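What follows is a set of notes on a single structure, which appears directly below.
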Amino acid sequence: MLKYIYFVISLSMLFWTFGCQAKSYPLDHEQLSQEERIVIRFSHVVGEETPKGLAARKFAELMHERTDGFVEVQVFPNGYLYKDGEEIDALLKGDLQMIAPATSKVTEFVPEWMVMDLPFAFETLDQVHEYLYGPVGQELMNKLTDDGMLALGVWDNGFKQITNNRNPVIDPEDVSGLRFRIMPSDVIDRQFRLLGAIPEVYAFNEVFQLLENNEIDAQENTLSNISSKNIHTLQQYLTISNHGYLGYVILVNYDFWQQLPEDIRVIFQETLAEVTEWEMDLAQELNQKKREELTECQCIEIHEWTEKEREQWEEALKPVYSYYIDRFGAKYIEHLPVFKNDF
Ligand code: LMR
């Protein structure tokens, strides 16, 4: 976590050096019209009671409090304003100022980010943080700047689990022929194709309907996302697989950021750092709580992989690493905790 703080500090130093001139904001904010305030439209695609939903709200409340209402963060949850596939474009056009898409969703712009989708790349969230706030992670974040976005950090959701409505997923062959909803990432696509499953990219808020209409059989997500969209009510089998990470890159529109007064940027970054720490704990708690609820409700059959079962999957999915290396070299993966020279 300390590394995160360093990351934030180094960013703010960068902008103190190169950013626009400091400009004090008016003191009597309550008298200002909406046009005179700084409005940050923050859109996301999940429910309000999820780690991202709650963190977005907390960030908005703290920014309001700390700038006496001069900065108004308007949070639009559930993809009401922009769906998956639309929110990054809206950010780049300046229709939104802030978003927090899953890392898999920025791979269209910076495909190297697919490293975060590699199966079994991380076993713990601490490993994820160490990687993302280390030199390689920071390089990945910097790469987004070329596309007009600025990455200010990462929020966790947690590890993905597998649900489906055909059979328990224990061995790799068990997913063969299943139609999986996936996020847009070639690595995730490859992961399922290797096992004979049929991956299809859909927006998050379409998943419930797709399952209800039997247009897909299966999906992978964290327990807080599964539960918040009632996916468990439509699926028979849940595998606690922890096979891949799901987290969010906090992105702001680059030009918007450059134009922010310096004192506001500092408040923004300090607040974001604080909310990030809070969110990371919350995400773990919520996923744990959802696991207990799903166990208690007996509404879905749960299987947790044994060590031996997990090893079979690791073996079966090794070629995904070669696929990544063929496209981007070993640079981004050699710092992964999972990295072994035999990939
Ligand atoms: C998904 O599409 O499954 C996730 O990205 C949703 C989210 O933002 O957590």
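The values are calculated or read from the model by the stated rules, or taken from the named source; none is laboratory data. Please read these numbers as outputs of a predicted model, since none were measured by experiment. For neighbour counting, all protein chains shown are included, and Cβ atoms are generated from backbone atoms with ideal geometry for every residue, glycine included.
So the values come out like this:
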item: Residue tally, condition in contact with a Phe, Trp or Tyr (Cβ under 9 Å, 6 or more places away or on another chain) and farther than 30 Å from Glu65 by Cα, over the range 257-310; result: 6
item: Flag for Ala60 being over 15 Å from the mean Cα position of the chain (by Cα), away from the ligand (no atom under 16 Å from the Cβ) and buried (at least 23 other Cβ atoms within 10 Å of the Cβ); result: no
item: Residue that is farthest from the ligand (Cβ to nearest atom) [pool: residues in the range 206-235 that are without any contact (Cβ under 8 Å) to a residue 40 or more places away in the chain and not in a loop (DSSP other than H, G, I, E, B)]; result: Glu212
item: Conditions (1) surrounded by fewer than 17 Cβ atoms within 10 Å (Cβ to Cβ); (2) within 12 Å of the ligand (Cβ to nearest atom); (3) part of a strand (DSSP E or B): number failed by Glu200; result: (2)
item: Spans of helices (runs of 4 or more DSSP H) in the range 70-181 with at least 3 residues within 16 Å of the ligand (Cβ to nearest atom); result: 87-93
item: Phe76 among the aromatic types (Phe, Trp, Tyr) and either over 22 Å from Ile198 (Cα atoms) or at pLDDT below 95 (or both); result: yes
item: Number of the condition not met by Gln298 [criteria: (1) at pLDDT 95 or above; (2) farther than 17 Å from Leu125 by Cα]; result: (1)
item: Cβ pairs under 6 Å, 6+ apart, first in the range 162-179 and touching a residue at least 12 places away in the same chain (Cβ under 8 Å) and closer than 17 Å to Glu311 by Cβ, second of a type in the set (Asp, Glu) and assigned to a strand (DSSP E or B); result: Ile162/Glu220
item: Evaluation of Glu49 against (1) more than 10 Å from the ligand (Cβ to nearest atom); (2) outside any loop (DSSP other than H, G, I, E, B) (one fails), failing number; result: (2)
item: Residues being outside any loop (DSSP other than H, G, I, E, B), free of Cβ contacts under 8 Å to residues at least 60 places away in the same chain and more than 16 Å from the ligand (Cβ to nearest atom) - total across the range 182-196; result: 1
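Residues checked against (1) touching a Leu at 6+ places or on another chain (Cβ under 6 Å); (2) at pLDDT 95 or above:
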site	(1), (2)
Asn205	no, no
Phe208	no, yes
Gln219	no, yes
Thr233	no, yes
Gln236	no, yes
Val252	yes, yes
